[in-house]
Amino acid sequence: MSSPSLVGGIALRAYDLPGAITFAAAYGLLLPLLVYRLVEKKWRSVIMIQVFFFAVERPVMFSLRAAVAAKPNTESPGLSEYMQATFALGYLTLAEILLRLVRSILVNTTNGTSTADTESHYPAVTQPPPLVSISSGFWKPSLPPPSPSVPNVDDPRRRFWFRRWCEFLLSLYIVAMVLAVVATAHVWKATDSGWNSINQALRYTSSAIGLVLVLLESCTLLWASKNVPRIDPRAVRFLLVLSTLLTIPPLYRLIVMHNTTPDHARPDHQALNTRADKAAFYVLHLLPEFAVVAIMSLWNVRDICQMGWKGDERCWDETPKEREKRERKERERAEKKEARLELKTRSSNTSSNDSAATLA
């Protein structure tokens, strides 16, 4: 009798202690940078909030893994289940973040500069500043000059289908996430052959759907780069780098999950507890996830993808009444902001006059 091997094996002092400490420290170093990104208005967005919470959870998990690795045979079933769940959900969470960005750059191409609905929420694609100060053609923005053959007009029909496609991809994410949660909710004993078979099937299905999701995101980006007018090539290249990195963890999972073992603590390949197994786990499963988080921390995703605070989250375009209501609220906010600035200016001038009178 045997049960599916734990992805990454159990925490072992010789292999997991240095690996867990390294990743905990690496994510910990990213946290101050992410906090700064959230404070900085030009960077702040819902996407960065998601990335921040992902980066907060990772040091906690790696610290727990390092703690049990330092004391052999102290890994409880509950902790094993938690780590299996966070490993199964990590790349899926990042794939959902990537999907939000893909949706934003697709919808951007359908927005006309004269449409009130899109001006406030999705800025028109303009020539962005370079990502980094190097002359590499990959990172260099290469937006074509405006062409009379590609008018900057509103295209609600294309926007509708872009949203439906991204909602289909979102449904894949939800299915994969639910299956991953169910598959990792309990680590069954080797004698529970029926439950172990179900668990193994759920793990494979979740990882396969996750891989299909990331591949479809990559295919969408490649298709858009060739067929969608006004698509931002820089944003496409940037997101393709992220999607390529995110294909590695599900591929790794699909390759190693066939292993079964009668004892998860056995120091052999079947239990995924050898030095080579641990190295492959940290390099192929965890390192790509960290690379995605690091890239999104170092480069301004909001600027690259030309998105606002939330990106595109509507299912349908605004009705005239909804647009009128939104524009009225925006005018009221602008008037209040202007009044506050005027009051602040007056107070500052009054204080300056009082100081001058006192000195006189």
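The values are calculated or read from the model by the stated rules, or taken from the named source; none is laboratory data. As the structure is a prediction and not an experimental result, all values here were calculated from the model. Positions of Cβ are generated from backbone atoms using ideal geometry, with glycine treated the same way; all protein chains shown enter the neighbour counts.
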Per the list (1) free of Cβ contacts under 8 Å to residues at least 60 places away in the same chain; (2) assigned to a loop (DSSP other than H, G, I, E, B), residue check on residue 306 breaks on (1)
One residue is enough: does the stretch 303-310 have a residue meeting the conditions among the β-branched types (Val, Ile, Thr), within 19 Å of residue 48 (Cα to Cα) and surrounded by 14 or more Cβ atoms within 10 Å (Cβ to Cβ)?
yes
When (1) within 15 Å of the chain's Cα centre (by Cα); (2) in a helix (DSSP H, G or I) are applied to residue 44, the one that fails is (2)
Only unsatisfied item for residue 53, checking (1) closer than 22 Å to residue 256 by Cα; (2) assigned to a helix (DSSP H, G or I), is (1)
Scanning the stretch 1-18 residue by residue, the ones that are within 30 Å of the chain's Cα centre (by Cα) and part of a loop (DSSP other than H, G, I, E, B) total 8
Note: among 221, 213, just one is modelled with pLDDT of 95 or more, out of contact with any Phe, Trp or Tyr (no Cβ under 9 Å at 6 or more places or on another chain), in the same structural domain as residue 259 (by TED's automatic domain parsing) and among the hydrophobic types (A, V, I, L, M, F, W, C), namely 221
Checked the stretch 67-78 for anything free of Cβ contacts under 8 Å to residues at least 60 places away in the same chain and either under 25 Å from the mean Cα position of the chain (by Cα) or assigned to a loop (DSSP other than H, G, I, E, B) (or both); matches are 71, 74, 76
Being among the basic types (Lys, Arg), within 26 Å of residue 239 (Cα to Cα), in contact (Cβ under 8 Å) with a residue 24 or more places away in the chain and surrounded by fewer than 22 Cβ atoms within 10 Å (Cβ to Cβ) narrows 58, 44 down to just 44
Of (1) within 21 Å of residue 83 (Cα to Cα); (2) touching a helix residue (DSSP H, G or I) at 6+ places or on another chain (Cβ under 7 Å); (3) surrounded by fewer than 19 Cβ atoms within 10 Å (Cβ to Cβ), residue 199 satisfies every one except (3)
Residue 104 vs (1) touching a Gly at 6+ places or on another chain (Cβ under 8 Å); (2) of a type in the set (Ser, Thr, Tyr); (3) closer than 14 Å to residue 58 by Cβ: all pass except (3)
